[in-house]
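The values are calculated or read from the model by the stated rules, or taken from the named source; none is laboratory data. Quick caveat, the model's predicted, so the values are computed rather than measured. Cβ placement follows ideal geometry from the backbone for every residue including glycine, while neighbour counts extend to all protein chains displayed. To get the accessible areas, we keep the full protein, side chains included, count just its heavy atoms, and leave off ligands, DNA and RNA. Shrake-Rupley method; radii C 1.70, N 1.55, O 1.52, S 1.80 Å.
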Amino acid sequence: MRAVTWHGRHDVRVDTVPDPEIVNPRDAIIRITSTAICGSDLHLYDGYIPGMRAGDILGHENMGEVVEVGPKSTLKKGQKVVIPFTISCGQCFFCQKQQFSACDNSNPSETSDASEVLMGHAMGAAFGYAHLTGGYAGGQAEYLRVPYSDVGPIVIPDGIEDDQVLFLSDILPTGWMAAENAMIEPGDTVAVWGCGPVGLFAIQSAFIMGAHRVIAIDHYPTRLELAKQLGADILDYNEVDVRAALNEMTGGIGPDAVIDCVGMESHGMAIDNVLDTVKAHTFLGTERPHALRQAILACRKGGRVSIPGVYGGFADKFPLGQMMEKGLTVKSGQTHVQKYSKQLLDMILEGKINTTFLVSHHAGLEDAPDMYRHWHDDQNEYTKIVLKPGLEKGEVETLREFAHEPA
């Protein structure tokens, strides 16, 4: 089969690789119909995540048709399914507590030992995301082996287009959990740093959960326009002092809750971020947490900090004293996708959540190297790329126009 493979920093290729096979009775094989490039894939593309090996198959936002099942799978051939990016056994201590991304059984011992040294405990497993998380092949391919297929996959009713449900695999539940972790109360003002896919779904989720006002912070005009269309007030951090603006917009109190959807690769020319960038490029540091620092300093006293943005190691100049003195509550973590699957699918089917607005491009697998480059370099025009193995090379579908200045 053809698959998108990692070969080093900014080196993504499409190779012919062996087809996946059933290796465990709980396995299933799906034929991929849609697989998206995630913002966290750029951390792999930029070489910031350790544990990648040349030839690893990328992709953790996957869906398709079941074509083969093991004897203990609960799936049936021909079903359309969305696959959570977290690989979870459903039976361990953590899965029983619905903390699926912390599964203790899905990351094999030969790969979990390294993550235990780095993180203090072994990480849960994930598709297409380094050997620290199990080394499982991803779904930016024609076919995908799905372990624990009796636990994770979300069966989709007939007649539903892929773009409506694909993001149940990761970014929609991630945005939802980000808002949930912010412990939003009716009437709250919530500030969201980063209007990429997770940030936009966090904005949408915050309003559903009762936020009175959401303030979205970014610098890409298209992203800011999408946030505005969702009902958010917008701040371009290149045009305003974000902390001063938030202070003024909240009467000097600060937002009740803040959500960092940026993670380890903050942009901007603030002095702390410039220093972080130098350290990251000289291998003296792993994080660029400018957005998180700003969020902690901007949050009101006694407020809540939610961190869905991906971080991979140790951060310099972390405002620990400020966090403690202000009495902030902080919640973070990889998404427990399976916990939210049914609820969010029902909301999509009922028309309460829209996901299709996000997709800017469809492309075939053979165009993946170019799509990764665009996703990295042209984020104003490429707000979400969905790879569809059925499309021929060069058959790229542009689904909408792009904003150049926020309205």
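Probing with 1.4 Å while keeping every protein chain in the model, the per residue accessible area of the range 17-122 equals 44 Å². The phi torsions of the range 150-155, fed into the Karplus equation with coefficients 6.51, -1.76 and 1.60 and a -60° offset, translate into couplings of 8, 10, x, x, 9, 6 Hz, rounded to whole numbers, with Gly and Pro shown as x.
Kirkwood-type hydrodynamic radius, the range 1-156: 15.6 Å, calculated from all non-identical alpha-carbon pairs.
As an equivalent ellipsoid, the chain spans semi-axes of 33, 23, 22 angstrom, where each value is the square root of five times an eigenvalue of the C-alpha gyration tensor, largest first. If only the Cβ of Lys and Arg carry +1 and only the Cβ of Asp and Glu carry -1, the dipole of the range 188-253 around its Cα centre is close to 180 debye. Considering only 99, 396, 375, the residue lying farthest towards the positive end of the dipole of the chain is 99, judged by Cα position with unit charges set on Cβ. If R0 is 22 Å, the Cβ-Cβ spacing of residue 301 and residue 212 corresponds to a FRET efficiency of close to 0.70.
Could you tell me which of rounded, prolate or oblate describes the range 119-204, using a ≥ b ≥ c as the square roots of the eigenvalues of the alpha-carbon gyration tensor, with rounded for a/c under 1.5 and, failing that, prolate when a/b is larger than b/c and oblate otherwise? Oblate, since a/c reaches 1.5 and b/c is not below a/b. For the chain, the share of DSSP beta bridges that are antiparallel, to the nearest 5, is 55%. Just the protein heavy atoms count here, and of the accessible area of the chain at 1.4 Å, carbon and sulfur take up 52 percent. Does the range 20-62 come out rounded, prolate or oblate by the C-alpha gyration tensor, with a ≥ b ≥ c the root eigenvalues, rounded set by a/c under 1.5 and, if not, prolate when a/b is larger than b/c and oblate if not? In terms of gyration-tensor shape, oblate.
Across the range 59-124, the convex hull enclosing all Cα atoms gives 119 Å³ per residue.
Counted residue by residue at 0.36 nm each, then reduced by the alpha carbon distance between them, the extension gain from residue 74 to residue 116 reaches 12.0 nm.
Amide H to amide H distances under 5 Å link residue 56 with 6, where only residues 5 or more positions off or on other chains count and H is placed in the peptide plane.
Ordering 292, 63, 109 by the projection of their Cα atoms onto the charge dipole of the chain, which places +1 on the Cβ of Lys and Arg and -1 on the Cβ of Asp and Glu, puts 109 at the extreme positive end. Residue 31 contributes about 90 Å² of solvent-accessible surface, heavy atoms of the protein only, 1.4 Å probe.
Dipole magnitude for the chain: computed about the Cα centre from +1 point charges on Lys and Arg Cβ and -1 point charges on Asp and Glu Cβ, it is near 1060 debye. Convex hull volume of the C-alpha atoms in the range 326-407, normalised per residue: 216 Å³.
Accessible surface computed residue by residue for the range 145-194, with neighbouring protein chains in place and a 1.4 Å probe, gives 29 Å² per residue. Each residue, residue 22 and residue 65, gets one label point 7 Å from its Cα in the Cβ direction; the gap between the two is 1.9 nm. Among the listed pairs 77/228; 80/352; 77/393, a Cα-Cα separation exceeding 31 Å is found for 77/228. Think of it as helices only: each DSSP H run of n ≥ 4 in the chain is worth -39500 (n - 2.57), and spread over all residues that comes to -7500 deg cm²/dmol at 222 nm.
Using only Cα atoms, locate the centre of the range 339-362 and the centre of the range 139-166, then give the distance between them in Å, rounded to an integer. After rounding, the separation between the Cα centres reads 14 Å. Counting only aspartates and glutamates at least 8 places from residue 76 when in the same chain, those with an alpha carbon closer than 17 Å to its own are 21, 27, 65, 68, 150, 158.
Projecting the Cα atoms of 10, 121, 307 onto the charge dipole of the chain (Cβ charges, centred on the Cα centre) puts 121 farthest toward the positive pole.
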